[in-house]
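Data block below; observations after.
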């Protein structure tokens, strides 16, 4: 089995960080270790796994995530978050609940 991690500059600080891809029933769950030059070592970002498939929003400190929330991917959630002091901070959530709409007769 191949290692399921990659070195990349995740947060745009020109330092290689480590993104670890987890095996899960929710696709794209990851852990993140950011390189901290003050201690010359990596530090795990708390609760990063709560934000699957994270994508950077260019020219901001923010990221967004996406994950299925049931009903054959017709229900979903996306969280807006940023990382501060090696912790994730959620700024907002948007969700789609299309199964509930169909059950109530909306299309």
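Every number here is computed from the coordinates shown, using simple stated rules; none is lab data. Owing to the predicted nature of the structure, the values given are computational and were not obtained by experimental measurement. All Cβ positions, glycine included, derive from the backbone under ideal geometry; neighbour counts span all protein chains shown.
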* To do: Would you kindly state how much longer the chain becomes between residue 26 and residue 38 on full extension, computed as 0.36 nm times their sequence separation minus their alpha carbon distance, in nm to one decimal?
  => 0.9 nm
* **Normalised contact order of the chain, rounded percent, pairs of Cα under 8 Å and 6 or more residues apart** => 15
* Asked: Between residue 55 and residue 82, what is the label-to-label distance in nm when each label sits 7 Å out along the Cα-to-Cβ direction?
  -> 2.0
* Structure fact -> Of all C-alpha pairs within the chain, those more than 16 angstrom apart amount in percent to 63
* Asked: Among 73, 47, 17, which one shows the biggest mean-square fluctuation in a GNM of the chain, springs joining Cα atoms closer than 10 Å?
  -> 73
